[in-house]
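Reading through the structure tokens given below for one structure.
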Amino acid sequence: MMRMKFFLRMVDLRLMAVGILVAFILVGWSCTQKPNQELKQESSESVSILENATVNEIQSHLASFKGEKPVLVNIWATWCLPCVEEFPYIMELKEQHGEEFELVFISADFEEARAEATNFLKEQGVDFTTFFKQGKDNNFIAGISEKWSGAIPYTLIIDKYGATHTEWEGKADYQDFEKVLLDVIK
């Protein structure tokens, strides 16, 4: 009988210790969680800055500017050094001529780098909707342009009538972007 009481007391102590441990873990975890409002705000920010889009959705978006204004499309990724280097030139163009053209950025980053891409956009001062490529690479590339090999950075300038004015693979400098853009803005 004495052994049984001793055994039951030990079981009770162990259960109590496990309960206390679980309580500490839950309290610690809850302290690291963000309030729902903050989560909703972060979620809506990332959606407005970097939206998932298939090639068809992007083509539809580009077509919506036909008859209104030219569009500069730039496909980039955070792992692409030339993309990162030319990004500020494009943002400067937006600052200088933003009312005269539409700027469309498309991230070709891998899903694992989505947060890094979002942070990069914020650091660059992007405060408008950009796109995160969805779908198979070959279909996406062919759907954007038959002339595009898939190398990035890739830039496409579409005139206000919806026709491709210029397209190129590789990094460009500010003057290159501005010259071509001014040609279609006139």
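First select every other residue whose beta carbon is under 13 angstrom from the beta carbon of E167; then total the charges, Lys and Arg +1, Asp and Glu -1.
-3
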In nm, to one decimal, how far is the A163 label point from the E146 one, both placed 7 Å along Cα→Cβ? 1.6
Given unit charges at Cβ for Lys, Arg (+) and Asp, Glu (-), the dipole magnitude of the range 67-186 about its Cα centre in debye, nearest 20, is 300
Using the Cα centre of the range 83-164 as origin and beta-carbon charges of +1 (Lys, Arg) and -1 (Asp, Glu), tell me which of H97, I152, A163 is placed farthest towards the positive end of the dipole. A163
Around S60, with a cut-off of 14 angstrom between Cβ atoms, what is the net charge of the other residues, counting Lys and Arg +1 and Asp and Glu -1? -2
Pop a pseudo-label 7 angstrom from the Cα along the beta-carbon direction at both E95 and D127 and give the gap in nm to one decimal. 1.3
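Values in this text are rule-based calculations from the coordinates and carry no lab data. Keep in mind it's a predicted model, so treat the numbers as computed, not measured. Reconstructed Cβ throughout: ideal geometry from the backbone, glycine too, with neighbour counts over all protein chains shown.
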